[in-house]
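A short reminder: the numbers here are calculations on the coordinates, not readings from a lab. Model, not experiment: these values are computed from the prediction. FYI the Cβ positions are ideal-geometry reconstructions off the backbone, even for glycines, and counts take in every protein chain you see.
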Amino acid sequence: MADHPATNPVRPISCERTLSEKKLHFGIIGAGRIGRVHAKTLAFRLPQAQTIAIADLNREAAESLAAHCGIPRVAESGSEIIADPAIEAVLICSPTETHADFIVEAAKAGKHIFCEKPIAHSLDEIDRALAAVKAAGVKLQVGFNRRFDANFARVRQSVASGEIGAPHLMHIVSRDPAPPPLSYIRVSGGIFIDMTIHDFDMARFLIGDEVEEIYTAGGVMVDPEIGKAGDLDTALVLMRFRNGVIATIDNSRKAVYGYDQRVEILGSEGKIETGNCYPNQAVVSSGKTMYRDLPFNFFMERYTESYAAELRSFTQAVLENRQTEVTGIDGRIPVVMAIAARKSYDEHRPVRPEEVEA
Ligand SMILES: NC(=O)c1ccc[n+]([C@@H]2O[C@H](COP(=O)([O-])OP(=O)(O)OC[C@H]3O[C@@H](n4cnc5c(N)ncnc54)[C@H](O)[C@@H]3O)[C@@H](O)[C@H]2O)c1
């Protein structure tokens with residue numbers, strides 16, 4: 001591992017090229033579910049990006065993705081990606097328990113970093129990673145892609161502009177079509193840190209304020225094996241914000257009709273809501289009923305555009321030397337909320353986020 005930020009300065013992006021000609025050179029660590037989504041975005045949708053190399057513990061997965069996306073090199077390890085002098089930005093798509101070490105290593109090597117959520121399961125690990133990023137002066141963006149979804153961005157605009165007056169109540173519904181494999185559940189850090197984390201980020205983003213109290217009710221209703229692994233598969237989180245807004249997050253690991261992603265905010269002058277997205281808009285009417293096809297089944301289809309938009313935003317932030325739109329602190333606060341939510345469930349009482357700070 002590189003150990004001296006002073007001798008590994010942040011790689012300057014060549015000033016000789018004009019902005020439109022600049023390209024950011026990426027290395028990807030992890031060729032699993034989300035690694036595949038990001039590799040395809042970089043290859044086919046982002047002319048300002050070029051992937052130089054990819055690594056995965058499962059070399060076959062890396063090789064087949066490299067072949068599909070025209071990535072010229074498959075590296076042996078994440079460390080080899082980070083050490084490659086041609087790589088300016090590292091995209092961390094490996095499992096969560098690897099994120100903090102890769103962030104520290106990449107920061108010390110002067111690489112800009114896009115890291116999937118969450119940064120880590122523990123606040124100590126997150127703080128270690130964020131300290132390395134700060135010391136190296138590199139850019140970090142955390143993969144909270146829902147901020148870049150057109151529907152949620154419109155809801156945020158409505159709250160920020162005062163279109164619906166002062167927000168009073170918010171309801172976030174966020175249900176997966178089916179639980180991930182138990183092998184994933186066991187290393188995920190639990191439902192709050194793995195799944196609700198997106199909704200905690202959404203809650204902060206949409207209301208534009210911080211939560212001061214969290215109360216959780218949860219259960220195991222989908223699969224007893226999830227309970228045996230120490231996790232929950234169903235939860236309702238009740239939150240109060242500092243500005244008085246009251247909000248709920250409704251999570252399930254199994255909604256048989258598909259990926260259920262909705263938000264409603266009631267304000268003093270009206271309400272705004274956003275519903276599910278569908279592969280088509282067709283509605284069939286018969287003499288007895290009306291029906292339509294099911295919503296998009298999961299995140300890869302539902303959030304395709306937001307994944308492309310978040311990587312475009314990161315690439316532009318690096319090339320134009322701007323702050324990233326989802327910072328390290330934005331990565332940390334939802335983990336605090338997730339730990340508080342679990343504590344509330346365990347202790348059957350409302351928990352304030354500051355109670356779980358180290
Ligand atoms: N933003 C989102 O919507 C979103 C969606 C899915 C997953 N994620 C996050 O992305 C991360 C990966 O999740 P996934 O669903 O793609 O998991 P996955 O299991 O499908 O893929 C992870 C890949 O990383 C590889 N890997 C493991 N250790 C490695 C190492 N040390 N070096 C290189 N490769 C390694 C594995 O072989 C696997 O191919 C998790 O942190 C998860 O929380 C985010």
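Treating each Cα of the range 5-138 as an identical point scatterer and summing with the Debye formula, the log10 of I(q)/I(0) at q = 0.20 Å⁻¹ comes to -1.15. Semi-axes of the equivalent ellipsoid of the range 160-217 are 29, 12, 10 Å, computed as sqrt(5λ) over the eigenvalues of the C-alpha gyration tensor in descending order.
For the range 181-307, a simple Cβ point-charge model (Lys and Arg +1, Asp and Glu -1, everything else neutral) yields a dipole of about 340 debye relative to the Cα centre. Farthest toward the positive end of the dipole of the range 139-255, out of Y215, S174, F152, is the Cα of F152, where the dipole comes from beta carbon charges about the Cα centre.
Averaging Cα coordinates gives a centre for the range 130-144 and one for the range 16-88; these two points are 19 Å apart. Cross-link partners for K111 among the aspartates and glutamates, with Cα-Cα distance under 14 Å and sequence neighbours closer than 8 places in the same chain left out: D3, E80, D84, E88, D101. Near V326, the amide H atoms lying under 5 Å from its own belong to V142; only residues 5 or more places off or on other chains count, and H is placed 1.01 Å from N. The ellipsoid equivalent to the alpha-carbon distribution of the range 116-259 has semi-axes of 26, 23, 14 angstrom, derived from the gyration tensor eigenvalues as √(5λ) and listed largest first. Evaluated at q = 0.13 Å⁻¹, the base-10 log of the normalised Debye intensity for the range 309-358, with identical point scatterers placed on the Cα atoms, takes the values -0.47. Taking GluC sites (Glu not before Pro) across the range 248-337, the ones in a DSSP loop with at most 11 further Cβ atoms lying within 10 angstrom of their Cβ are E269, E320. Dipole magnitude for the chain: about 780 debye, using +1 per Lys or Arg Cβ and -1 per Asp or Glu Cβ, origin at the Cα centre. Across all directions, the shadow cast by the convex hull of the chain built on its C-alpha atoms averages 20.3 square nanometres.
Simple rule: put +1 on each Lys or Arg Cβ and -1 on each Asp or Glu Cβ in the chain, find the dipole, and look at N297, I249, S286; the Cα lying farthest toward the positive end is S286. For I113, nonlocal amide neighbours, meaning residues 5 or more places apart or on other chains whose placed amide H falls under 5 Å from its own, are V90, K139, L140, Q141. For the range 201-358, the Stokes-Einstein estimate of translational diffusion at 37 °C and a viscosity of 0.692 mPa s comes to 177 µm²/s, using the Kirkwood hydrodynamic radius over alpha-carbon pairs.
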